[in-house]
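Remarks on the structure that follows.
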Amino acid sequence: MGAPILFSTIEVTRQVFYRSSLSYAIVNLKPIVPGHVLVIPNRPVSRLTELTTPELTSLITSVKDVGSVIERVYSGDALTVACQDGKAAGQSIPHVHFHILPRKFKGDFFSGRNDDIYPALEEAEESLPRDLQSVEQVKHSRLRVDADDKRETRTMDDMEKEAIWLRTFFKERDSAA
C-alpha cells in the first residue's frame with residue numbers, strides 16, 4: 001500500500017472509499033445521518049481559494065460522483081452538500097472538505113426542519129479530533145444533534161467496513177480507492 005492518506009494531520013487511509021487523481025472521499029467518524037461522508041482534496045489547504053483550478057475541478061467532480069452514489073445507496077431523495085470555508089464559517093479541520101449527507105422526505109432525522117442540519121453540522125465539526133492522538137480520546141464520546149438524539153462515535157473497524165462496502169459501488173466506474 002502507498003503512503004498514508006491524511007485529512008489535515010489525521011490518518012484516514014482505512015476510511016477512504018473513493019479516489020480520483022486529486023481528491024478522495026471518506027466515511028465519517030461522527031455521521032449526522034446514515035451515509036454522511038466527506039470529500040477532500042489530496043493537498044491539505046484550508047480555503048477553497050488556495051486550490052488550483054484542476055484541484056477544484058476534481059473536488060467538485062468528486063462531490064458530484066460520490067453524491068450520486070451516496071444518494072442511491074442510502075435511499076435518499078436529495079443531498080445536503082456543505083463546505084465550511086474557513087474557521088469563521090465553522091471549519092474546524094484546516095483542510096478543505098465537503099460534507100455530503102443523503103436526505104429523505106420521510107424518516108430523515110431532520111425531516112420537516114431541514115435547516116436544523118446546519119447547526120448540527122457545525123457542532124459535529126467542532127467535536128472532531130485535531131490530531132491522531134485525539135482520535136483515540138473521542139472514540140467513546142457522543143455527538144449530540146439535539147437533546148433526544150445521541151450518536152456514538154464510530155470505531156475504526158466500523159468505518160473500514162462501510163468504506164469497503166462503498167468501494168464496491170465505484171469499482172465499475174474505475175474510481176475505486
Odd one out for residue 82 among (1) over 21 Å from residue 166 (Cα atoms); (2) free of Cβ contacts under 8 Å to residues at least 40 places away in the same chain; (3) of a type in the set (A, V, I, L, M, F, W, C); (4) in contact with a helix residue (DSSP H, G or I) (Cβ under 9 Å, 6 or more places away or on another chain): (1)
With the stretch 35-118 as the region, which strands (runs of 3 or more DSSP E) entirely inside it contain at least 3 residues that are modelled with pLDDT under 95 and farther than 20 Å from residue 170 by Cβ? 78-82
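Let's see how each residue does on (1) under 11 Å from the mean Cα position of the chain (by Cα); (2) surrounded by 15 or more Cβ atoms within 10 Å (Cβ to Cβ); (3) closer than 30 Å to residue 157 by Cβ:
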position	(1), (2), (3)
26	yes, yes, yes
30	yes, yes, yes
47	no, no, no
52	no, no, no
61	no, no, no
74	no, yes, yes
Which of the residues belonging to the stretch 155-177 are within 24 Å of residue 3 (Cβ to Cβ), modelled with pLDDT of 55 or more and either surrounded by 18 or more Cβ atoms within 10 Å (Cβ to Cβ) or among the small types (Gly, Ala, Ser) (or both)? 159, 162, 163, 166, 170
Criterion first (closer than 24 Å to residue 6 by Cα and acidic (Asp, Glu)) does residue 65 satisfy it? yes
Scope the stretch 13-23; condition touching a residue at least 24 places away in the same chain (Cβ under 8 Å) and either among the β-branched types (Val, Ile, Thr) or surrounded by fewer than 23 Cβ atoms within 10 Å (Cβ to Cβ) (or both); matching residues: 14, 16, 19, 20, 21, 22
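The values are calculated or read from the model by the stated rules, or taken from the named source; none is laboratory data. What you are looking at is a predicted structure, and each value in this text was computed from that prediction instead of being measured. Backbone-built Cβ (ideal geometry, glycine too); neighbour counts: all protein chains shown.
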